[in-house]
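Engineer: Let me give you the structure first, and then I'll get to my questions.
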Amino acid sequence: MPPPPSNSTALERLPSTTRVHVVGAGPVGLLLTALLQPRAGFSVRLYEKRREYMRTRMVQLAPYLVADSVDSYRTDHIDGDNVDAVFDPAELDQGLAFRDSIPSDLMTLLRDWTVGFCPLNSIERAVSDLIDARPSNGVERTSAVVTAEDAMAMLEPGDVLIDCTGSNSLLRNHLVPDSGEADGEANTLKIRLEYALVITFLYGRPYDCNEYCKYYKNIENAHYKFIPMVHRTHYDGSVSHVTGIVNISADDYEAMPSRFDGEWLRSNVPGVAQSMDRFIDKIKQETHGEILGDLEIVRIPLDLYRARNATSRQLLTGGPIDHPFAQSPVFLAGDSAIGSPYFQSISLGFECAIFLAGLMAQRDLPLRDMLDRYELYIYKQWLRVYMRSKMIKHNKDLFESLDDPLALLAKLHIY
């Protein structure tokens, strides 16, 4: 169930002139800044520890980000029905109204990114440049590593603080009263789906992948199966960027370094290496190309998680009155609030940013209502993410057992 609604707050509404601190100038932090920048009454301070944008992985934004109707919002074949099940019609209409208020210069970029793949750092640079190029800038940038203590110290009563620092959120576990060192995950619900290797390589020919491809190229791999992510396989005109995952055991995970290459894999985990080589050899037989460079491999736990509280409303309504978050609202956006390993989280993060900016623009909205509505919205997005992720995980488990009828039947639950 969603958290209970708040009862009272010392700050009734956002001040007519509101200073907003956005911590984390990744894609979500930049988008929020670009959304709030032209709004009357907001001055934005943007904090970023990186000196330049280096992340080159290819992403494609979900079409629902630029939807202009409820029908176009729910076209995703995986969770279109989930949208209807989770959100009331009035909530969907409000989300579309918030989209209508997106500045045209920003909406043009978003539309471009929903029709093709783009390096993540190109998105970050484009939004950053847009912010700097606007005639009335109103954004103060600070290049610094911000700690939780720094974030609390820079707040003045009535300021707004937005945490866009990602999955290892700076403030998530500081948003509930009495969350001390002993309970470092006090505000985080985490579900471990599996352990995996995320393997990326470049291929010198066009390569597209679907479920048939995943099956037939793994048909000789009894244990470790490389499963490309369809929306992470992209041909840019000269090179195919391929990213996929291999399910591994907890013991495998503990025995591996956090990052390594194909040479280390072949020397230390030959079973995974042989499966990868079989998969790649079949790609070569079909498309007559070659791998460019080496494999890039990261071993990670695949976690589905959410913040139990996506705002500081517990501190605003029941925390110590001298706590900085008892006088200034705090919001979590993007991966700070919700995350899933099975699909690109940038679209979900942008969705959160659009909704939050739309709420904050309603200057006559009581702060209590703003906090409650954002909490409910994040909770409903979590339900959508949870259902989608569990379905993907279940289908993936079935896929890996297709050639073992007994194992497949053990994973089926009918009625």
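The values are calculated or read from the model by the stated rules, or taken from the named source; none is laboratory data. All values reported here derive from a predicted model rather than from experimental measurement. Cβ placement follows ideal geometry from the backbone for every residue including glycine, while neighbour counts extend to all protein chains displayed. All accessible areas refer to the heavy atoms of the entire protein, side chains included, with ligands and DNA or RNA removed. Shrake-Rupley method; radii C 1.70, N 1.55, O 1.52, S 1.80 Å.
Engineer: Within the range 371-392, can one find any residue that is under 30 Å from residue 102 (Cα atoms) and acidic (Asp, Glu)?
Structural biologist: So far as the range 371-392 goes, yes, one or more of its residues are under 30 Å from residue 102 (Cα atoms) and acidic (Asp, Glu).
Engineer: Additional query: May I ask you to verify whether residue 69 is under 26 Å from residue 388 (Cβ atoms) and among the hydroxyl-bearing types (Ser, Thr, Tyr)?
Structural biologist: yes
Engineer: On to the next question. So in the range 67-80, with the set limited to residues that are under 26 Å from residue 233 (Cβ atoms) and open to solvent by 30 Å² or more (accessible area, probe 1.4 Å), which one is modelled with the highest pLDDT? Step through it out loud before you land on a result.
Structural biologist: Step one: filter the range 67-80 for residues under 26 Å from residue 233 (Cβ atoms), giving 67, 72-80.
Those left that are additionally open to solvent by 30 Å² or more (accessible area, probe 1.4 Å): 72, 74-78.
Numbers: 72: 90, 74: 87, 75: 81, 76: 78, 77: 76, 78: 77.
Here the residue is 72.
Engineer: Pairs under 7 Å by beta carbon, first residue part of a loop (DSSP other than H, G, I, E, B) in the range 11-24, partner among the polar types (S, T, N, Q), six or more apart or different chains?
Structural biologist: Pairs found: 11/327; 24/165.
Engineer: Considering the range 202-216 alone, what residues qualify as being of a type outside the set (S, T, N, Q) and closer than 24 Å to residue 403 by Cα?
Structural biologist: Filtering the range 202-216 for residues of a type outside the set (S, T, N, Q) gives 202-209, 211-216.
208, 209, 211, 212, 213, 214, 215, 216, listed by residue number.
Engineer: Farther than 26 Å from residue 171 by Cβ and either over 28 Å from the mean Cα position of the chain (by Cα) or buried (at least 19 other Cβ atoms within 10 Å of the Cβ) (or both): is that true of residue 404 in this structure? Spell out how you get there, then give the answer.
Structural biologist: Working: farther than 26 Å from residue 171 by Cβ: yes; either over 28 Å from the mean Cα position of the chain (by Cα) or buried (at least 19 other Cβ atoms within 10 Å of the Cβ) (or both): yes.
Yes; evaluated as a whole, the condition is true for this residue.
Engineer: Now for a different question. Identify, by number, the condition in (1) among the aromatic types (Phe, Trp, Tyr); (2) open to solvent by 20 Å² or more (accessible area, probe 1.4 Å); (3) more than 23 Å from residue 302 (Cα to Cα) that residue 374 doesn't meet.
Structural biologist: Residue 374 satisfies every listed condition except (2).
Engineer: Right, here's the next one. Which ones in the range 237-263 are open to solvent by 30 Å² or more (accessible area, probe 1.4 Å), in contact with a strand residue (DSSP E or B) (Cβ under 8 Å, 6 or more places away or on another chain) and under 17 Å from residue 289 (Cβ atoms)?
Structural biologist: Let us first name the residues in the range 237-263 that are open to solvent by 30 Å² or more (accessible area, probe 1.4 Å), namely 237-238, 241, 247, 249-255, 257-259, 261, 263.
Next cut, in contact with a strand residue (DSSP E or B) (Cβ under 8 Å, 6 or more places away or on another chain) only: 241, 247, 249-250, 252-253, 257-259, 261, 263.
Within the range 237-263, just 241 meets the criteria.
Engineer: Across the range 282-326, what is the number of residues that are over 20 Å from residue 227 (Cα atoms), in a strand (DSSP E or B) and β-branched (Val, Ile, Thr)?
Structural biologist: The qualifying residues number 1.
Engineer: Determine if the range 37-50 includes at least one residue that is farther than 20 Å from residue 310 by Cβ, in a helix (DSSP H, G or I) and either modelled with pLDDT of 90 or more or among the small types (Gly, Ala, Ser) (or both).
Structural biologist: The answer is no, given that none of the residues of the range 37-50 is farther than 20 Å from residue 310 by Cβ, in a helix (DSSP H, G or I) and either modelled with pLDDT of 90 or more or among the small types (Gly, Ala, Ser) (or both).
Engineer: Could you check, for the range 286-298, whether at least one of its residues is open to solvent by less than 20 Å² (accessible area, probe 1.4 Å), touching a strand residue (DSSP E or B) at 6+ places or on another chain (Cβ under 8 Å), more than 24 Å from residue 397 (Cβ to Cβ) and of a type in the set (A, V, I, L, M, F, W, C)?
Structural biologist: Of all residues in the range 286-298, those open to solvent by less than 20 Å² (accessible area, probe 1.4 Å) come to 289, 295, 297.
Next, from what is left, pick out any that are touching a strand residue (DSSP E or B) at 6+ places or on another chain (Cβ under 8 Å): 289, 295, 297.
This time we only want the ones that are more than 24 Å from residue 397 (Cβ to Cβ), so: 289, 295.
Those left that are additionally of a type in the set (A, V, I, L, M, F, W, C): 295.
Yes, that holds for at least one residue.
Engineer: In the range 318-341, what residues are open to solvent by 30 Å² or more (accessible area, probe 1.4 Å) and either within 11 Å of the chain's Cα centre (by Cα) or over 21 Å from residue 185 (Cα atoms) (or both)? Quick ask: steps written out before the conclusion?
Structural biologist: To start, the set of residues in the range 318-341 that are open to solvent by 30 Å² or more (accessible area, probe 1.4 Å) comprises 318, 320-324, 327, 335, 341.
Those that are open to solvent by 30 Å² or more (accessible area, probe 1.4 Å) and either within 11 Å of the chain's Cα centre (by Cα) or over 21 Å from residue 185 (Cα atoms) (or both): 321, 322, 327, 335, 341.
Engineer: Could you say which residue among 209, 213 is in contact with a strand residue (DSSP E or B) (Cβ under 7 Å, 6 or more places away or on another chain), at pLDDT below 95 and either polar (S, T, N, Q) or crowded, with 17+ Cβ neighbours inside 10 Å (or both)? Talk me through it step by step, then tell me what you get.
Structural biologist: Working: 213 fails: in contact with a strand residue (DSSP E or B) (Cβ under 7 Å, 6 or more places away or on another chain).
Unique residue meeting the criteria: 209.
Engineer: Any chance the range 307-328 includes a residue that's farther than 24 Å from residue 14 by Cα, charged (D, E, K, R) and touching a residue at least 12 places away in the same chain (Cβ under 8 Å)?
Structural biologist: Let us first name the residues in the range 307-328 that are farther than 24 Å from residue 14 by Cα, namely none.
Within the range 307-328, not a single residue is farther than 24 Å from residue 14 by Cα, charged (D, E, K, R) and touching a residue at least 12 places away in the same chain (Cβ under 8 Å).
Engineer: Still on this structure: What are the residues in the range 115-154 that are of a type in the set (Ser, Thr, Tyr), surrounded by fewer than 17 Cβ atoms within 10 Å (Cβ to Cβ) and either free of Cβ contacts under 8 Å to residues at least 12 places away in the same chain or closer than 27 Å to residue 68 by Cα (or both), if any? Spell out the reasoning first.
Structural biologist: From the range 115-154, those of a type in the set (Ser, Thr, Tyr) are 122, 128, 136, 142-143, 147; that's our starting set.
Pick out the ones that are also surrounded by fewer than 17 Cβ atoms within 10 Å (Cβ to Cβ) and you get 122, 136, 142-143, 147.
If the condition is that a residue be of a type in the set (Ser, Thr, Tyr), surrounded by fewer than 17 Cβ atoms within 10 Å (Cβ to Cβ) and either free of Cβ contacts under 8 Å to residues at least 12 places away in the same chain or closer than 27 Å to residue 68 by Cα (or both), then 122 is the only one that fits.
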